[in-house]
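Everything on this sheet refers to the single structure shown next.
The values are calculated or read from the model by the stated rules, or taken from the named source; none is laboratory data. Values in this document were obtained by computation on a predicted structure and should not be read as measured data. All Cβ positions, even for glycine, are placed from backbone atoms using ideal geometry, and neighbour counts span all protein chains on display. Keep in mind that these areas ignore ligands, DNA and RNA; they rest on the heavy atoms of the full protein, side chains included. Shrake-Rupley method; radii C 1.70, N 1.55, O 1.52, S 1.80 Å.
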Amino acid sequence: MTRAARLDAMDGAAPKVLVIGGGINGASVYRELALNGVPVMLAEKSDFCAGASSALSRMVHGGLRYLENGEFDLVREALDERNRLLRNAPHLVGPLRTIVPIDSWVSGAMNAPLRFLGLSKAPSRRGALPVKLGLSFYDLYTRGKGGLPKHEFWSSGKAKARFPFRPEVRCAATYFDGQVSHPERVVTEIFEDVARAGCDAVALNHLEVTSIGTEVALTDRIGGRKITLRPEIVVNATGAWIDRTNARAGATEDMVQGTKGAHLVLDHPELREMLGDDMVYYENTDGRICIMFCLHGMVLVGSTDIKVPDPDAVRCEADEQAYILDGLSWVFPGVTVKPDQVLHVFAGVRPLPVSGAGTTGQIPRGHFNRWTESDVPVLSMIGGKWTTFRAFGELAADQVMTRLGIARRTGTEEMPVGGGADYPADRALWCAQVAEQSGLSPDRVATLLERYGTLAGALAHTFASERMLSGLPGYSDAEIDYVIAHEQVERLADLALRRTTLALAGALDAAALDVLADRLAQAKGWSPAQRAQELRNFRVTLAETHGADPKRIGLHRKGEVAAQ
(Lines give C-alpha, C1' and ligand atoms only; values in the text may rest on other atoms or scores of the structure.)
Protein backbone atom coordinates (compact mmCIF):
# COMPACT_ATOMS: atom_id res chain seq x y z
CA MET A 1 0.00 0.00 0.00
CA THR A 2 1.41 3.42 -0.96
CA ARG A 3 1.61 6.34 1.42
CA ALA A 4 -1.19 8.10 -0.46
CA ALA A 5 -3.37 5.00 -0.16
CA ARG A 6 -2.76 4.82 3.59
CA LEU A 7 -3.70 8.47 3.97
CA ASP A 8 -6.84 7.90 1.89
CA ALA A 9 -7.78 4.93 4.09
CA MET A 10 -7.33 6.97 7.26
CA ASP A 11 -8.93 10.25 6.19
CA GLY A 12 -12.43 10.46 7.62
CA ALA A 13 -12.26 6.93 9.05
CA ALA A 14 -13.88 5.91 12.32
CA PRO A 15 -11.67 3.13 13.73
CA LYS A 16 -12.42 1.67 17.11
CA VAL A 17 -8.95 2.69 18.28
CA LEU A 18 -6.26 5.16 17.25
CA VAL A 19 -2.79 4.39 18.61
CA ILE A 20 -0.52 7.42 18.78
CA GLY A 21 3.15 6.46 18.80
CA GLY A 22 5.03 3.97 16.63
CA GLY A 23 7.69 2.80 19.05
CA ILE A 24 7.85 -0.70 20.46
CA ASN A 25 4.91 -0.25 22.86
CA GLY A 26 2.69 1.37 20.26
CA ALA A 27 3.50 -1.39 17.77
CA SER A 28 2.75 -4.01 20.41
CA VAL A 29 -0.72 -2.75 21.36
CA TYR A 30 -1.48 -2.20 17.68
CA ARG A 31 -0.66 -5.84 16.94
CA GLU A 32 -2.69 -7.09 19.90
CA LEU A 33 -5.77 -5.14 18.87
CA ALA A 34 -5.50 -5.88 15.15
CA LEU A 35 -5.05 -9.63 15.60
CA ASN A 36 -8.11 -9.68 17.85
CA GLY A 37 -10.32 -8.15 15.19
CA VAL A 38 -10.38 -4.58 16.50
CA PRO A 39 -10.31 -1.94 13.72
CA VAL A 40 -7.22 0.09 14.62
CA MET A 41 -5.01 2.78 13.14
CA LEU A 42 -1.62 4.05 14.25
CA ALA A 43 0.07 7.41 13.71
CA GLU A 44 3.73 8.19 14.44
CA LYS A 45 4.90 11.80 14.13
CA SER A 46 8.47 10.82 13.24
CA ASP A 47 9.64 7.45 11.99
CA PHE A 48 8.70 4.12 13.52
CA CYS A 49 11.01 3.28 16.42
CA ALA A 50 12.78 6.65 16.19
CA GLY A 51 12.72 7.47 19.91
CA ALA A 52 13.65 5.51 23.01
CA SER A 53 12.77 2.24 21.28
CA SER A 54 15.89 2.54 19.11
CA ALA A 55 18.15 3.98 21.82
CA LEU A 56 18.26 1.03 24.20
CA SER A 57 21.41 -0.81 25.28
CA ARG A 58 20.40 -3.66 22.95
CA MET A 59 19.81 -5.91 25.96
CA VAL A 60 16.83 -8.22 26.41
CA HIS A 61 17.01 -8.95 30.10
CA GLY A 62 15.24 -9.56 33.34
CA GLY A 63 16.73 -6.53 35.02
CA LEU A 64 19.07 -7.87 37.65
CA ARG A 65 19.51 -4.50 39.31
CA TYR A 66 15.75 -3.96 39.68
CA LEU A 67 15.78 -6.50 42.48
CA GLU A 68 17.38 -3.79 44.62
CA ASN A 69 14.19 -1.76 44.32
CA GLY A 70 12.05 -4.75 45.28
CA GLU A 71 10.57 -4.96 41.76
CA PHE A 72 10.34 -8.74 41.88
CA ASP A 73 7.20 -8.97 39.75
CA LEU A 74 8.84 -6.85 37.06
CA VAL A 75 11.91 -9.10 36.99
CA ARG A 76 9.74 -12.23 36.79
CA GLU A 77 7.73 -10.78 33.93
CA ALA A 78 10.85 -9.55 32.14
CA LEU A 79 12.50 -12.97 32.40
CA ASP A 80 9.38 -14.59 30.95
CA GLU A 81 9.33 -12.09 28.09
CA ARG A 82 13.05 -12.48 27.50
CA ASN A 83 12.58 -16.22 27.09
CA ARG A 84 9.64 -15.69 24.75
CA LEU A 85 11.71 -13.37 22.57
CA LEU A 86 14.52 -15.92 22.42
CA ARG A 87 11.95 -18.38 21.03
CA ASN A 88 9.81 -16.04 18.94
CA ALA A 89 12.47 -13.83 17.34
CA PRO A 90 15.61 -15.99 17.21
CA HIS A 91 16.96 -14.10 14.18
CA LEU A 92 17.04 -10.85 16.16
CA VAL A 93 17.31 -11.92 19.81
CA GLY A 94 19.97 -14.29 21.05
CA PRO A 95 21.70 -15.34 24.27
CA LEU A 96 24.55 -13.21 25.59
CA ARG A 97 27.03 -14.37 28.20
CA THR A 98 27.51 -11.60 30.72
CA ILE A 99 30.55 -11.11 32.97
CA VAL A 100 30.22 -9.09 36.18
CA PRO A 101 33.53 -8.03 37.80
CA ILE A 102 33.21 -7.76 41.60
CA ASP A 103 35.47 -5.81 43.98
CA SER A 104 34.34 -7.19 47.34
CA TRP A 105 32.52 -10.06 49.00
CA VAL A 106 29.75 -8.36 50.99
CA SER A 107 29.64 -4.72 49.91
CA GLY A 108 26.09 -3.63 49.17
CA ALA A 109 24.51 -6.57 51.00
CA MET A 110 22.21 -4.17 52.86
CA ASN A 111 21.69 -1.84 49.91
CA ALA A 112 18.62 -3.60 48.50
CA PRO A 113 16.66 -3.79 51.79
CA LEU A 114 17.62 -0.22 52.69
CA ARG A 115 16.54 1.09 49.30
CA PHE A 116 13.36 -0.95 49.45
CA LEU A 117 12.57 0.67 52.84
CA GLY A 118 13.47 4.11 51.53
CA LEU A 119 16.44 4.46 53.87
CA SER A 120 19.08 4.73 51.15
CA LYS A 121 19.08 6.73 47.95
CA ALA A 122 22.55 6.70 46.49
CA PRO A 123 23.77 3.71 44.46
CA SER A 124 26.43 1.61 46.17
CA ARG A 125 28.96 -0.94 45.02
CA ARG A 126 27.72 -4.51 44.88
CA GLY A 127 29.74 -7.32 46.40
CA ALA A 128 29.68 -11.02 45.62
CA LEU A 129 26.93 -11.81 48.15
CA PRO A 130 24.16 -9.55 46.75
CA VAL A 131 25.14 -10.50 43.19
CA LYS A 132 24.96 -14.18 44.14
CA LEU A 133 21.50 -13.70 45.66
CA GLY A 134 20.23 -11.91 42.57
CA LEU A 135 21.59 -14.50 40.16
CA SER A 136 20.18 -17.31 42.28
CA PHE A 137 16.77 -15.70 41.86
CA TYR A 138 17.38 -15.59 38.10
CA ASP A 139 18.24 -19.30 38.03
CA LEU A 140 15.40 -20.32 40.33
CA TYR A 141 12.75 -18.48 38.39
CA THR A 142 13.89 -19.46 34.91
CA ARG A 143 14.70 -23.10 35.67
CA GLY A 144 13.31 -25.17 32.82
CA LYS A 145 11.89 -22.10 31.07
CA GLY A 146 14.63 -20.42 29.11
CA GLY A 147 17.18 -23.09 28.35
CA LEU A 148 20.04 -20.78 29.36
CA PRO A 149 22.94 -22.02 31.50
CA LYS A 150 23.01 -21.27 35.23
CA HIS A 151 25.27 -18.60 36.64
CA GLU A 152 28.83 -19.30 37.74
CA PHE A 153 31.44 -17.54 39.85
CA TRP A 154 35.03 -17.18 38.72
CA SER A 155 38.03 -16.69 40.95
CA SER A 156 40.11 -13.54 40.62
CA GLY A 157 42.71 -15.49 38.66
CA LYS A 158 40.21 -16.91 36.19
CA ALA A 159 38.47 -13.54 35.76
CA LYS A 160 41.76 -11.73 35.07
CA ALA A 161 42.89 -14.46 32.72
CA ARG A 162 39.79 -13.67 30.62
CA PHE A 163 39.84 -9.85 30.97
CA PRO A 164 42.48 -7.30 32.10
CA PHE A 165 40.36 -6.14 35.02
CA ARG A 166 41.73 -3.67 37.55
CA PRO A 167 43.70 -5.17 40.46
CA GLU A 168 40.87 -4.69 42.98
CA VAL A 169 38.61 -7.23 41.24
CA ARG A 170 38.32 -10.23 43.56
CA CYS A 171 36.03 -12.44 41.51
CA ALA A 172 33.53 -12.34 38.67
CA ALA A 173 30.03 -13.69 38.14
CA THR A 174 28.88 -15.02 34.78
CA TYR A 175 25.31 -15.54 33.62
CA PHE A 176 23.26 -15.40 30.44
CA ASP A 177 20.73 -12.81 29.35
CA GLY A 178 19.73 -11.78 25.85
CA GLN A 179 20.65 -9.17 23.27
CA VAL A 180 18.69 -7.75 20.35
CA SER A 181 20.77 -7.07 17.25
CA HIS A 182 18.32 -4.75 15.49
CA PRO A 183 15.39 -3.57 17.67
CA GLU A 184 14.01 -1.38 14.90
CA ARG A 185 13.58 -4.53 12.82
CA VAL A 186 11.33 -6.04 15.51
CA VAL A 187 8.97 -3.07 15.14
CA THR A 188 9.04 -3.29 11.35
CA GLU A 189 8.23 -7.00 11.41
CA ILE A 190 5.37 -6.51 13.86
CA PHE A 191 3.76 -4.11 11.38
CA GLU A 192 4.45 -6.53 8.52
CA ASP A 193 2.87 -9.40 10.47
CA VAL A 194 -0.31 -7.38 10.95
CA ALA A 195 -0.43 -6.48 7.26
CA ARG A 196 0.10 -10.11 6.19
CA ALA A 197 -2.72 -11.21 8.50
CA GLY A 198 -5.17 -9.06 6.53
CA CYS A 199 -6.36 -7.15 9.59
CA ASP A 200 -8.51 -4.04 9.55
CA ALA A 201 -5.51 -1.92 10.47
CA VAL A 202 -3.36 0.88 9.04
CA ALA A 203 -0.10 2.28 10.45
CA LEU A 204 1.65 5.35 9.08
CA ASN A 205 4.82 7.20 10.07
CA HIS A 206 5.59 10.93 9.76
CA LEU A 207 1.96 11.63 10.61
CA GLU A 208 1.54 14.06 13.50
CA VAL A 209 -1.53 14.36 15.72
CA THR A 210 -2.26 18.08 16.13
CA SER A 211 -5.46 17.96 18.21
CA ILE A 212 -7.50 15.33 20.04
CA GLY A 213 -11.23 15.72 20.47
CA THR A 214 -14.35 14.08 19.10
CA GLU A 215 -12.35 14.33 15.92
CA VAL A 216 -8.60 13.80 15.89
CA ALA A 217 -6.71 16.07 13.50
CA LEU A 218 -3.47 14.89 11.90
CA THR A 219 -0.94 16.39 9.50
CA ASP A 220 1.21 14.44 7.05
CA ARG A 221 4.75 15.73 7.65
CA ILE A 222 5.89 14.50 4.24
CA GLY A 223 3.32 15.97 1.88
CA GLY A 224 1.50 18.39 4.18
CA ARG A 225 -1.94 16.81 3.79
CA LYS A 226 -4.34 17.28 6.71
CA ILE A 227 -6.76 14.51 7.66
CA THR A 228 -9.20 13.70 10.47
CA LEU A 229 -10.25 10.54 12.28
CA ARG A 230 -13.12 9.72 14.64
CA PRO A 231 -11.85 6.94 16.93
CA GLU A 232 -13.83 5.63 19.88
CA ILE A 233 -10.66 5.34 21.98
CA VAL A 234 -7.16 6.80 21.73
CA VAL A 235 -4.13 4.92 23.05
CA ASN A 236 -1.28 7.27 23.89
CA ALA A 237 1.96 5.30 23.40
CA THR A 238 4.25 8.28 22.85
CA GLY A 239 6.62 7.49 25.71
CA ALA A 240 8.46 10.57 26.95
CA TRP A 241 6.00 12.72 24.95
CA ILE A 242 2.88 11.35 26.74
CA ASP A 243 2.11 14.58 28.60
CA ARG A 244 2.56 16.70 25.46
CA THR A 245 0.26 14.39 23.53
CA ASN A 246 -2.39 14.43 26.26
CA ALA A 247 -2.24 18.23 26.31
CA ARG A 248 -3.72 18.16 22.80
CA ALA A 249 -6.80 16.62 24.40
CA GLY A 250 -6.85 19.33 27.08
CA ALA A 251 -5.23 17.24 29.85
CA THR A 252 -2.86 18.96 32.31
CA GLU A 253 -1.67 16.12 34.54
CA ASP A 254 2.02 15.22 34.49
CA MET A 255 2.38 11.45 34.11
CA VAL A 256 5.96 10.89 32.95
CA GLN A 257 9.45 12.12 33.66
CA GLY A 258 12.28 11.30 31.32
CA THR A 259 15.76 10.04 32.09
CA LYS A 260 18.37 10.00 29.37
CA GLY A 261 20.47 7.00 28.44
CA ALA A 262 23.48 7.71 26.21
CA HIS A 263 25.71 5.22 24.39
CA LEU A 264 28.91 5.23 22.35
CA VAL A 265 29.83 3.10 19.35
CA LEU A 266 33.59 2.51 19.23
CA ASP A 267 35.85 1.25 16.45
CA HIS A 268 38.40 -0.26 18.83
CA PRO A 269 40.10 -3.46 17.60
CA GLU A 270 41.73 -4.17 20.97
CA LEU A 271 38.43 -4.03 22.84
CA ARG A 272 36.65 -5.95 20.11
CA GLU A 273 39.19 -8.76 20.32
CA MET A 274 39.11 -8.69 24.12
CA LEU A 275 35.31 -8.90 24.43
CA GLY A 276 34.65 -11.54 21.81
CA ASP A 277 31.10 -12.82 22.27
CA ASP A 278 30.83 -11.73 25.92
CA MET A 279 29.34 -8.66 27.55
CA VAL A 280 30.98 -6.97 30.53
CA TYR A 281 28.34 -5.65 32.94
CA TYR A 282 30.20 -3.39 35.33
CA GLU A 283 29.86 -0.57 37.81
CA ASN A 284 31.09 2.89 36.96
CA THR A 285 32.93 4.85 39.64
CA ASP A 286 29.62 6.08 41.10
CA GLY A 287 28.01 2.62 41.26
CA ARG A 288 25.91 3.15 38.13
CA ILE A 289 25.69 -0.02 36.02
CA CYS A 290 27.28 0.15 32.56
CA ILE A 291 27.60 -2.36 29.74
CA MET A 292 30.11 -3.09 27.01
CA PHE A 293 29.90 -5.68 24.22
CA CYS A 294 30.46 -6.13 20.50
CA LEU A 295 27.68 -5.39 18.04
CA HIS A 296 27.84 -5.31 14.24
CA GLY A 297 31.64 -5.36 14.35
CA MET A 298 31.90 -2.36 16.69
CA VAL A 299 31.95 -2.01 20.50
CA LEU A 300 28.83 -0.61 22.19
CA VAL A 301 29.39 1.11 25.54
CA GLY A 302 26.84 2.80 27.81
CA SER A 303 24.96 4.21 29.51
CA THR A 304 23.87 7.21 31.55
CA ASP A 305 20.70 7.85 33.60
CA ILE A 306 20.05 11.58 33.78
CA LYS A 307 16.76 13.44 34.28
CA VAL A 308 15.86 15.54 31.24
CA PRO A 309 13.04 18.09 30.89
CA ASP A 310 12.78 18.17 27.09
CA PRO A 311 12.80 14.88 25.12
CA ASP A 312 13.20 16.76 21.85
CA ALA A 313 16.57 18.22 22.90
CA VAL A 314 18.25 14.98 23.92
CA ARG A 315 21.69 14.06 22.62
CA CYS A 316 24.84 12.49 24.02
CA GLU A 317 26.79 15.43 25.44
CA ALA A 318 30.56 15.71 25.85
CA ASP A 319 30.42 15.21 29.62
CA GLU A 320 28.41 12.01 29.16
CA GLN A 321 30.97 10.69 26.70
CA ALA A 322 33.69 11.46 29.24
CA TYR A 323 31.71 9.71 31.99
CA ILE A 324 31.25 6.56 29.87
CA LEU A 325 34.91 6.47 28.82
CA ASP A 326 36.07 7.08 32.40
CA GLY A 327 34.04 4.05 33.44
CA LEU A 328 35.62 1.99 30.69
CA SER A 329 39.08 2.95 31.94
CA TRP A 330 37.96 2.15 35.49
CA VAL A 331 37.09 -1.44 34.65
CA PHE A 332 39.94 -1.91 32.11
CA PRO A 333 42.93 0.18 33.30
CA GLY A 334 45.35 0.94 30.54
CA VAL A 335 42.77 0.72 27.75
CA THR A 336 42.50 4.10 26.06
CA VAL A 337 39.99 5.31 23.50
CA LYS A 338 41.10 7.94 20.99
CA PRO A 339 38.56 10.58 19.93
CA ASP A 340 38.50 9.29 16.34
CA GLN A 341 37.53 5.80 17.62
CA VAL A 342 34.12 7.13 18.73
CA LEU A 343 32.27 6.74 15.43
CA HIS A 344 28.67 7.14 16.52
CA VAL A 345 26.75 8.18 19.63
CA PHE A 346 23.08 8.01 20.46
CA ALA A 347 20.76 8.84 23.34
CA GLY A 348 17.14 8.17 24.19
CA VAL A 349 14.68 9.10 26.92
CA ARG A 350 13.27 6.44 29.21
CA PRO A 351 9.58 7.31 29.74
CA LEU A 352 9.44 6.68 33.49
CA PRO A 353 6.45 7.53 35.68
CA VAL A 354 6.44 10.69 37.76
CA SER A 355 8.03 9.70 41.05
CA GLY A 356 9.33 11.22 44.25
CA ALA A 357 12.36 8.91 44.19
CA GLY A 358 15.58 10.55 45.33
CA THR A 359 17.66 9.18 42.45
CA THR A 360 16.90 8.10 38.91
CA GLY A 361 17.89 4.54 39.79
CA GLN A 362 15.05 4.35 42.31
CA ILE A 363 12.32 5.32 39.84
CA PRO A 364 10.20 2.19 39.17
CA ARG A 365 10.80 0.51 35.81
CA GLY A 366 7.44 -1.26 35.65
CA HIS A 367 4.51 -0.32 33.42
CA PHE A 368 0.87 0.59 33.88
CA ASN A 369 -1.96 2.35 32.04
CA ARG A 370 -4.05 5.34 33.01
CA TRP A 371 -7.34 6.55 31.53
CA THR A 372 -8.06 10.22 30.86
CA GLU A 373 -11.70 11.06 30.21
CA SER A 374 -12.26 13.80 27.63
CA ASP A 375 -14.15 14.13 24.34
CA VAL A 376 -12.59 10.78 23.46
CA PRO A 377 -11.22 8.45 26.18
CA VAL A 378 -7.40 8.31 26.17
CA LEU A 379 -5.42 5.39 27.60
CA SER A 380 -1.83 6.40 28.37
CA MET A 381 0.85 3.68 28.44
CA ILE A 382 3.26 4.77 31.19
CA GLY A 383 6.70 3.38 31.92
CA GLY A 384 7.89 -0.01 30.79
CA LYS A 385 11.12 -1.46 29.44
CA TRP A 386 11.86 -2.75 25.95
CA THR A 387 11.99 -6.40 27.04
CA THR A 388 8.40 -6.35 28.33
CA PHE A 389 6.80 -4.71 25.29
CA ARG A 390 4.59 -7.71 24.48
CA ALA A 391 3.17 -7.97 27.99
CA PHE A 392 2.60 -4.21 28.12
CA GLY A 393 0.80 -4.22 24.77
CA GLU A 394 -1.30 -7.16 25.91
CA LEU A 395 -2.29 -5.33 29.10
CA ALA A 396 -3.25 -2.16 27.25
CA ALA A 397 -5.20 -4.04 24.58
CA ASP A 398 -7.14 -6.00 27.19
CA GLN A 399 -8.16 -2.80 28.95
CA VAL A 400 -9.23 -1.24 25.66
CA MET A 401 -11.17 -4.33 24.57
CA THR A 402 -12.91 -4.53 27.94
CA ARG A 403 -14.10 -0.97 27.51
CA LEU A 404 -15.25 -1.72 23.96
CA GLY A 405 -16.99 -4.94 25.03
CA ILE A 406 -14.83 -7.08 22.72
CA ALA A 407 -13.56 -10.48 23.84
CA ARG A 408 -9.96 -11.56 23.21
CA ARG A 409 -9.76 -14.35 20.65
CA THR A 410 -6.01 -14.87 20.25
CA GLY A 411 -2.82 -14.36 22.21
CA THR A 412 0.74 -13.56 21.25
CA GLU A 413 2.71 -15.40 23.94
CA GLU A 414 4.04 -17.99 21.51
CA MET A 415 3.56 -16.03 18.29
CA PRO A 416 6.73 -15.66 16.18
CA VAL A 417 7.83 -12.19 15.17
CA GLY A 418 8.27 -11.93 11.40
CA GLY A 419 11.16 -14.09 10.26
CA GLY A 420 11.19 -15.97 13.55
CA ALA A 421 8.54 -18.30 12.15
CA ASP A 422 9.81 -21.80 11.30
CA TYR A 423 13.35 -20.76 12.18
CA PRO A 424 15.74 -23.56 11.21
CA ALA A 425 17.57 -25.61 13.81
CA ASP A 426 20.34 -26.18 11.26
CA ARG A 427 21.04 -22.74 9.85
CA ALA A 428 23.92 -23.85 7.63
CA LEU A 429 21.74 -26.46 5.93
CA TRP A 430 18.88 -23.99 5.47
CA CYS A 431 21.25 -21.42 3.95
CA ALA A 432 22.76 -24.00 1.61
CA GLN A 433 19.32 -25.03 0.37
CA VAL A 434 18.15 -21.45 -0.18
CA ALA A 435 21.46 -20.60 -1.89
CA GLU A 436 21.05 -23.50 -4.30
CA GLN A 437 17.49 -22.45 -5.13
CA SER A 438 18.16 -18.71 -5.45
CA GLY A 439 21.64 -18.56 -6.91
CA LEU A 440 22.98 -16.39 -4.07
CA SER A 441 26.01 -17.58 -2.16
CA PRO A 442 25.51 -19.42 1.17
CA ASP A 443 27.33 -16.57 2.96
CA ARG A 444 24.98 -13.98 1.48
CA VAL A 445 21.94 -16.06 2.45
CA ALA A 446 23.36 -16.37 5.97
CA THR A 447 23.58 -12.58 6.18
CA LEU A 448 19.97 -12.26 5.03
CA LEU A 449 18.89 -14.90 7.56
CA GLU A 450 20.50 -12.87 10.36
CA ARG A 451 18.68 -9.74 9.21
CA TYR A 452 15.28 -11.07 8.17
CA GLY A 453 14.99 -14.57 9.62
CA THR A 454 13.11 -17.04 7.45
CA LEU A 455 11.72 -14.16 5.40
CA ALA A 456 15.16 -14.37 3.79
CA GLY A 457 13.96 -17.39 1.80
CA ALA A 458 11.63 -15.33 -0.35
CA LEU A 459 13.94 -12.31 -0.32
CA ALA A 460 16.86 -14.36 -1.66
CA HIS A 461 14.85 -15.10 -4.78
CA THR A 462 13.84 -11.44 -5.08
CA PHE A 463 17.48 -10.40 -4.78
CA ALA A 464 18.78 -13.06 -7.18
CA SER A 465 20.21 -10.54 -9.65
CA GLU A 466 21.41 -8.10 -7.01
CA ARG A 467 24.56 -6.00 -7.24
CA MET A 468 26.46 -5.32 -4.03
CA LEU A 469 26.84 -1.60 -3.44
CA SER A 470 30.23 0.01 -3.08
CA GLY A 471 30.49 1.84 0.24
CA LEU A 472 27.67 -0.14 1.87
CA PRO A 473 29.21 -3.28 3.39
CA GLY A 474 26.85 -6.22 3.08
CA TYR A 475 24.04 -4.37 1.27
CA SER A 476 22.96 -4.62 -2.36
CA ASP A 477 20.97 -2.42 -4.70
CA ALA A 478 18.07 -4.88 -4.64
CA GLU A 479 17.98 -5.03 -0.84
CA ILE A 480 18.09 -1.27 -0.33
CA ASP A 481 15.44 -0.73 -3.02
CA TYR A 482 13.24 -3.40 -1.46
CA VAL A 483 13.48 -1.82 2.00
CA ILE A 484 12.62 1.63 0.59
CA ALA A 485 9.64 0.29 -1.34
CA HIS A 486 8.14 -1.96 1.33
CA GLU A 487 9.04 -0.51 4.75
CA GLN A 488 7.73 3.06 4.68
CA VAL A 489 11.08 4.77 4.23
CA GLU A 490 10.54 8.50 3.70
CA ARG A 491 13.73 10.14 4.94
CA LEU A 492 17.41 9.37 4.68
CA ALA A 493 17.50 8.98 8.47
CA ASP A 494 14.80 6.28 8.26
CA LEU A 495 17.01 4.26 5.96
CA ALA A 496 20.45 4.90 7.42
CA LEU A 497 19.62 4.80 11.15
CA ARG A 498 16.74 2.33 11.44
CA ARG A 499 16.08 0.10 8.41
CA THR A 500 19.76 -0.82 8.16
CA THR A 501 22.51 -1.40 10.73
CA LEU A 502 25.01 0.87 8.96
CA ALA A 503 25.19 3.48 11.75
CA LEU A 504 25.93 0.95 14.49
CA ALA A 505 28.43 -0.76 12.19
CA GLY A 506 30.33 2.52 11.86
CA ALA A 507 29.76 2.54 8.12
CA LEU A 508 28.10 5.91 7.60
CA ASP A 509 30.77 7.87 5.76
CA ALA A 510 30.43 10.28 2.83
CA ALA A 511 30.48 7.50 0.23
CA ALA A 512 27.79 5.49 1.99
CA LEU A 513 25.56 8.54 2.40
CA ASP A 514 25.86 9.38 -1.29
CA VAL A 515 24.85 5.84 -2.29
CA LEU A 516 21.85 5.83 0.08
CA ALA A 517 20.76 9.28 -1.10
CA ASP A 518 20.97 8.14 -4.73
CA ARG A 519 18.76 5.08 -4.13
CA LEU A 520 16.22 7.07 -2.11
CA ALA A 521 16.12 9.96 -4.57
CA GLN A 522 15.52 7.55 -7.44
CA ALA A 523 12.71 5.77 -5.58
CA LYS A 524 11.01 9.01 -4.47
CA GLY A 525 11.53 10.96 -7.67
CA TRP A 526 13.45 13.74 -5.94
CA SER A 527 15.03 16.51 -7.96
CA PRO A 528 18.79 17.10 -7.61
CA ALA A 529 18.01 20.02 -5.30
CA GLN A 530 15.72 17.89 -3.11
CA ARG A 531 18.35 15.16 -2.90
CA ALA A 532 21.04 17.68 -1.93
CA GLN A 533 18.85 19.23 0.76
CA GLU A 534 17.89 15.86 2.25
CA LEU A 535 21.53 14.77 2.28
CA ARG A 536 22.67 18.04 3.83
CA ASN A 537 20.02 17.88 6.56
CA PHE A 538 20.97 14.34 7.49
CA ARG A 539 24.67 15.12 7.55
CA VAL A 540 23.92 17.90 10.04
CA THR A 541 21.87 15.48 12.14
CA LEU A 542 24.73 12.98 12.16
CA ALA A 543 27.23 15.64 13.21
CA GLU A 544 25.10 17.40 15.82
CA THR A 545 23.15 14.51 17.30
CA HIS A 546 25.29 11.44 16.63
CA GLY A 547 28.79 12.81 17.02
CA ALA A 548 29.94 12.10 13.46
CA ASP A 549 33.16 13.70 12.21
CA PRO A 550 31.95 16.34 9.70
CA LYS A 551 34.76 15.62 7.29
CA ARG A 552 34.14 11.87 7.38
CA ILE A 553 30.49 12.32 6.37
CA GLY A 554 31.16 15.01 3.76
CA LEU A 555 30.01 18.03 5.78
CA HIS A 556 32.83 20.31 4.72
CA ARG A 557 31.53 23.83 4.38
CA LYS A 558 32.51 26.06 7.26
CA GLY A 559 29.58 26.98 9.50
CA GLU A 560 27.19 24.54 7.81
CA VAL A 561 26.40 22.70 11.06
CA ALA A 562 25.54 25.89 12.89
CA ALA A 563 23.54 27.27 9.99
CA GLN A 564 21.07 24.40 9.74
Can you send over the carbon and sulfur percentage of the accessible area for the chain, probe radius 1.4 Å, protein chains only?
-> 52
Check the straight Cα-Cα distances from K338 and name the aspartates and glutamates below 14 Å, setting aside those fewer than 8 residues away within the same chain.
-> D267, E270, D326, D549
Can you list the HN-Hα couplings for region 453-458, worked out from phi with the Karplus curve (6.51, -1.76, 1.60; θ = phi - 60°), rounded to whole Hz and with x for Gly and Pro?
-> x, 6, 4, 4, x, 6
Cross-link partners of K150 among lysines (Cα-Cα below 17 Å; sequence separation of 8 or more within a chain) = K132
State in Å² the accessible area per residue of region 395-500; use a 1.4 Å probe, count heavy atoms of protein chains only, and round to the nearest integer.
-> 45
What ranking, highest mean first, results for peptides 487-498, 129-140 when packing means the other Cβ atoms within 10 Å averaged over each residue?
-> 487-498, 129-140
In Å and whole numbers, how far do the C-alpha atoms of region 419-468 stretch along each principal axis, longest first?
-> 28, 17, 15
For C290, other-chain or 5+-apart residues with amide H closer than 5 Å (H placed, Pro excluded) are Y282, E283, N284
If N is the residue count of region 428-564, its Cα Rg over 2.2 N^0.38 Å rounds to 1.15
Cβ-based charge dipole, the chain, positive-most Cα from T388, L343, I291 = I291
At 25 °C and 0.890 mPa s, grab the translational diffusion coefficient of region 180-224 from Stokes-Einstein with a Kirkwood Rh over Cα pairs, rounded to a whole number in µm² per second.
-> 192
D177's amide H: which non-local residues (gap 5+, or another chain) put their own amide H closer than 5 Å, with H modeled 1.01 Å from N in plane and none for Pro or chain starts?
-> L96, T98
What is the Cα centroid distance between region 485-564 and region 216-231, reported in whole angstrom?
-> 27
Of all C-alpha pairs within region 262-411, those more than 20 angstrom apart amount in percent to 61
Long-range Cα-Cα pairs in region 132-264 (distance over 20 Å), rounded percent | 72
Do me a favour and compute the ellipsoid semi-axes for region 1-82 from its Cα gyration tensor, root of five times each eigenvalue, largest one first, whole Å.
-> 33, 15, 9
The computed P(r) of region 237-325 puts the percent of Cα pairs beyond 20 Å at 49
Partner aspartates and glutamates whose C-alpha sits under 16 Å from that of K158, ignoring same-chain residues fewer than 8 away, are D103, E168, D278
If packing is taken as the mean number of other Cβ atoms within 10 Å per residue, what is the order of 466-477, 180-191, 11-22, highest first?
-> 180-191, 11-22, 466-477
Out of S465, T210, L129, whose Cα points farthest toward the positive end of the dipole of the chain (charges: +1 Lys, Arg; -1 Asp, Glu; placed on Cβ)?
-> L129
For the chain, what is the calculated [θ] at 222 nm in deg cm²/dmol (nearest 500), taking -39500 (n - 2.57) for each run of four or more DSSP H residues and dividing by its residue count?
-> -10500 deg cm²/dmol
If you take the alpha carbon radius of gyration of the chain and divide it by 2.2 N^0.38 Å, what ratio comes out, to two decimals?
-> 0.96
Where both residues lie in the chain, what percent of DSSP beta bridges are antiparallel, nearest 5?
-> 75
Would you grab the residues whose amide H sits under 5 Å from the one on G554? Only those 5+ places off in sequence or on another chain, please, with H modelled 1.01 Å from N.
-> A510
Post the alpha-carbon centroid distance, region 434-450 to region 260-291, in whole angstrom.
-> 33
Cα Rg, Dmax (largest Cα-Cα span) when computed across region 380-509, Å = 18.7, 55
Burial order of peptide ranges 288-301, 48-61, 514-527 (average beta-carbon count within 10 Å, highest first) = 48-61, 288-301, 514-527
Averaging over all projection directions, find the projected area of the Cα convex hull of region 440-502 and quote it in nm² with one decimal place.
-> 4.1
Report Rg (one decimal) and Dmax (nearest whole number) for region 390-461, counting Cα atoms only, units Å.
-> 17.9, 53
Hull surface over four for the Cα convex hull of region 194-263, reported in nm², is 7.2
Which net charge results when you count Lys and Arg as +1 and Asp and Glu as -1 among the other residues whose beta-carbon is under 11 Å from that of E189?
-> 0
